[in-house]
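Any read-out appearing in this document is the output of simple, stated calculations on the displayed coordinates, not a laboratory observation. Computed from a predicted structure; not experimentally measured. Heads up, the Cβs are rebuilt from the backbone with ideal geometry, glycines too, and the neighbour counts pull from every protein chain shown.
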Amino acid sequence: MLVTKPHPFYALSAEGSYITDADGWTRIDWVNNFASLIHGHNKREVVEIISQQAARLLSATMPAEWEVRLAELLVERIPSVEQVRFMNSGTEANLIAIKAARAFSGKSKVAKLEGGYHGQYDLLEASYVPSADRWGARDCPAVLAHNSGTPKSLLDELVLFALNDIATMREILRRNASEVGTVIIDPSGLSLGTGVYADREFLAALRETTERLGMVLIFDEVWSLRSGYRGTQGAVGITPDITTMGKMIGGGLPIGAVGGKRDVMSVFSVDEGEPKVKHSGTFTGNPMSMAAGFTAMSLMVPEMFEMLAVQGQRLTDGLRRALTDTNTQGHVVNRGSMTNLLFTEGIPVDYRDLYTQQTPTVAALAAKMPKLMATEGLHVLRNMFVGSTAISDDDVDQTIAAVTRALVAAREAR
């Protein structure tokens, strides 16, 4: 749910690229349920398979064929995935992945990006949005709780490093190599909506460093899997040890997944008695999510990802014109079906750079624009536009015009 004052929009219905709220407003949906609806709303093939499966089997303690079919699809596509286990969300996937990596490495500490987001697991939420007065040194960032009540003992299990700073990353991991056995990163960059992306050179250096130091590297592709047919890892040609997935692989229903090489995934094995990591759940491998996910993913052939990339570039070009035409400071950053509208002076390279560039003027405009775009017929998350196969060229052109009007309204309000 998007948290807004005095209350969020309440959804009533949706179809294709449009969503209608309880007040009767219909908008082009550029949120797509936090990037999980790769085909937009009510894709016919997905709705039909959900209806058929609901009449046959809602849920059971036994696995079903759809689980095998979706697993085989992911193994075929995603370079790092030789075996896969399913759960119910991206947060749960990252939690289970951390358990697996700890069991495999024999070390308890975890390293992640300062400002990186990996769901609502309190260990990984730490230092998601830390304020500048508490950062600490760049080569030894302070680990700060994101929520009240987080135990300090848990924070002691986390180590931070900055995005796109190869030298500092290597030094921090080398210094903590005796205790850190796991590194987790979203290979796209910081988090959904920031527009701060990882350089390929940085990802390659991170892969080399973790291999050399004997650390398990986790790619959190819960939302970045939509970057291409083989995910972000396939696009950049860098293979982690474990990949976490969610969102689009469920076809719009709740899902999460952990996949990886056989040796790492062996911690779940029951072949030789009790597994090192026990994993189960009431709705794990739910046949409804499996059926919807397999159907949605089967439709995402390479040509569909190429179409989304073309769509994203069309939107990017138009939004850049809108900034120029309205004399608005900003940048448009695009990766395939994900396009970010930033109002910073430069394109940020890491969390501290992003934070520093959030001047009061920049922050005020960034906060105001989603509301102004809503009045212009757009549903947008944090000034990020998440594409879908349901969005047409006409939708893109309408969006560019609507953003231009919103920018004009923002300028006049100042």
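Measuring nothing but how far apart in sequence close Cα pairs (under 8 Å, 6+ apart) lie, relative to its length, the chain scores a relative contact order of 22 percent.
Since only Ala97, Met87, Ala410 are under comparison, the one whose Cα sits farthest along the positive direction of the charge dipole of the chain, derived from C-beta charges on Lys, Arg, Asp and Glu, is Ala410. Annotation: the antiparallel percentage among DSSP beta bridges lying fully within region 66-198 is about 25. About its Cα centre, the dipole of the chain is roughly 580 debye, where the only charges are +1 on Lys and Arg Cβ and -1 on Asp and Glu Cβ.
For the chain, what is the percent of antiparallel DSSP beta bridges, rounded to the nearest 5? The antiparallel proportion sits near 65 percent.
Taking Cα centre as origin and charging only the Cβ of basic (Lys, Arg, +1) and acidic (Asp, Glu, -1) residues, the dipole magnitude of region 301-399 rounds to 420 debye. When Cα extents along the principal axes in Å is calculated for this entry, the matching label among (1) 62, 52, 40; (2) 67, 46, 36; (3) 66, 58, 39 is (3).
In the chain, taking the dipole from charged Cβ atoms about the Cα centre, the farthest positive-side position among Gly377, Thr361, Gln120 is held by Thr361.
Work out, step by step, the length gained on full extension between Val47 and Asp199: first 0.36 nm times the residue separation, then minus their alpha carbon distance; give nm to one decimal. Between Val47 and Asp199, full extension yields an extra 50.9 nm. The distance separating the Cα centre of region 262-326 from that of region 206-222 comes to 20 Å.
Taking the Cα centre of region 198-337 as origin and assigning +1 to Lys and Arg Cβ atoms and -1 to Asp and Glu Cβ atoms, the resulting dipole is close to 300 debye.
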